[in-house]
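Asks: Here's a structure for you.
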Amino acid sequence: MRIADAQVVVTSPGRNFVTLKLTTDEGVTGLGDATLNGRELAVVSYLTDHVVPLLTGLDPHRIEDTWQYLYRGAYWRRGPVTMAAIAAIAAVDVALWDIKAKAAGLPLYQLLGGASRDRLATYGHANGRDIPELLDSVRQRLDEGYPAVRVQTGIPGLKAVYGVHTTGAQGERVLHQQTRPLVEDWDTDAYLRHTPAVFEAVRAEFGAGIPLLHDAHHRLTPIQAARLGKDLEPYRPFWLEDCTPTENQEALRLVRRHTTTPLATGEVFNTVYDYQTLITEQLIDYVRSAVTHFGGVTPLRKLFDFAAQYQIKSAIHGPEDISPVGMAAAVHLGFAVHNFGIQEYSGHNALTEEVFRHAYAFTDGHLHPGEAPGIGVELDEKLAAAHPYEQTYLPVNRLLDGTVHDW
Ligand code: KDG
Ligand code: MG
């Protein structure tokens, strides 16, 4: 069998998704997600200009070899080129796994070692501009069946904060993604004072048993993160995510020394090297990389096996900007590895679910990959074409004096 055709499909059924479709000379197709939120066209160019011309004629069964060929062959690894390339390589990798599993007539998880559990526990997002609105949102997630909930709130005195929708002058809902970056504002001290009160209120309302998560989204210094971790300890968070800017792995040494709050990181990482210190020194408890942004199932499986030796668990990144193709790959991988921790799951809007019909199912807050051969996703190309690319940007964040800050 040989790869006969490679096509890059960009669609925006509510938000942008980039998908690679490979077709073999035997008519077997494979899909891979290459979506890089806010910088989608960089990956499209990398794929169409540099990767697609290499694919036709390759043996689709040689997944490891193709991954190494694209990663090492490019020479310019990690850094600026890889920001786009890793998503491109991920798309090829997942599309090849999809083809291999379809050719075998098996769901992908069977090729990864088979099921290690019956279903995957997920966490959903709850947010509110203030605590009462957050409590309503938590209640909604619990009613939907989520066994664990990430809690994010607005902060008194701040207009717009990551993870929380904002309201415009006319009372309209302002979207996080805009045609120009939305400018959010930030005051670390106000955040550090407010967040323990948020956890206290959620615990008071819903009790001690629900796993609660929180994402600090890279905005703290190590000593501020250590303070927050300590202050949250009485409320036993499931984790504190991305507490410091992730470029500096050593930062978590200081955080770890001061708190037993579990730490999660890695959604912006691209390679195992980004995790070396964090894993070997056991500075984290969960690895957060997405299949799409880590180069595919092949390297993410290796990362999980490495992490398992240190009792670190998986927690694959799963916001709405991971397409159903990327989510399907995550669900198959999580189903198969022993050290599965939790899966982030926000779902997608109804139109996206029509464009990408999938076999994985979300029931009672848990995911199951389904039994369709491959990753189990079908792309409706006509519907995808009816919803073309729309330029959007992620927000930026400024301190109260106007200084740019992590958002
Ligand atoms: O595109 C950026 C989002 O994927 C990211 O902000 C979501 O932090 C995130 C999360 O934990 O889901
Ligand atoms: Mg995050």
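Laboratory data are not the source of any read-out in this text; all were calculated from the coordinates shown. Bear in mind the structure is a predicted one, so any value in this text is a computation, not a measurement. Every residue, glycine as well, gets a Cβ built from its backbone with ideal geometry; the counts of neighbours run over all protein chains shown.
Asks: Provide the three semi-axes, in whole Å and in decreasing order, of the ellipsoid equivalent to the chain as defined by the square roots of 5 times the Cα gyration tensor eigenvalues.
Replies: The three semi-axes for the chain are 34, 23, 21 Å.
Asks: Over the chain, calculate the relative contact order: mean separation of alpha carbon pairs under 8 Å at least 6 apart, over the residue count, as a percent.
Replies: Relative contact order here is 22 percent.
Asks: Where does the charge balance sit around Gln249 when Lys and Arg score +1, Asp and Glu -1, over other residues with C-beta under 12 Å from its C-beta?
Replies: -2
Asks: Here's something else I'd like to know. Using the Karplus curve 6.51 cos²θ - 1.76 cosθ + 1.60 with θ = phi - 60°, work out ³J(HN,Hα) for each residue of the range 233-240 in order, rounded to whole Hz, and write x for Gly and Pro.
Replies: 3, x, 9, 6, x, 5, 6, 10
Asks: Starting from the Cα of Thr56, step 7 Å along the direction of its Cβ; do the same at Glu354; then give the gap between the two resulting points in nm.
Replies: The answer from the label model is 3.3 nm.
Asks: Show me 380-390, 320-330 ranked by packing, highest mean number of other Cβ atoms within 10 Å first.
Replies: Highest to lowest by the protection proxy: 320-330, 380-390.
Asks: Within 10 Å, count the other beta carbons around each residue, average over each peptide in 137-145, 31-39, and list them highest first.
Replies: 31-39, 137-145
Asks: Excluding Ala216 itself, calculate the net charge of residues whose Cβ lies under 11 Å from the Cβ of Ala216, where each Lys or Arg counts +1 and each Asp or Glu counts -1.
Replies: For residues surrounding Ala216, the net value is -3.
Asks: Then there is this: How far, in nm, would the chain grow between Ala4 and Lys230 when pulled straight, counting 0.36 nm per residue and subtracting the alpha carbon separation?
Replies: 75.8 nm
Asks: Still on this model: Roughly speaking, what is the stretch gain from Glu205 to Glu64, that is 0.36 nm per residue apart minus the C-alpha to C-alpha distance, in nm to one decimal?
Replies: 45.8 nm
Asks: Give, as a single signed number, the net charge of other residues whose beta carbon lies under 13 Å from the beta carbon of Ala359, with Lys and Arg counted +1 and Asp and Glu -1.
Replies: Counting the neighbours of Ala359, the net charge comes to -2.
Asks: Continuing with this model, one more query. For Asp130 and Leu394 in one chain, what is 0.36 nm times their gap in residues minus the Cα-Cα distance, to one decimal in nm?
Replies: Result for the pair: 92.8 nm of gain on full extension.
Asks: In deg cm²/dmol, rounded to 500, what helix-only [θ] at 222 nm does the chain give when every DSSP H run of at least 4 residues adds -39500 (n - 2.57) and the total is split over its residues?
Replies: -10500 deg cm²/dmol
Asks: Given a Förster distance of 30 angstrom, what is the FRET efficiency for Tyr273 paired with Ala115, based on the Cβ-Cβ distance and rounded to 0.05?
Replies: After rounding to 0.05, the efficiency reads 0.45.
Asks: Using alpha carbons only, how many degrees (0 to 90, rounded to 10) separate the axis of helix 63-73 from the longest principal axis of the chain?
Replies: Rounded to the nearest ten degrees, it is 70.
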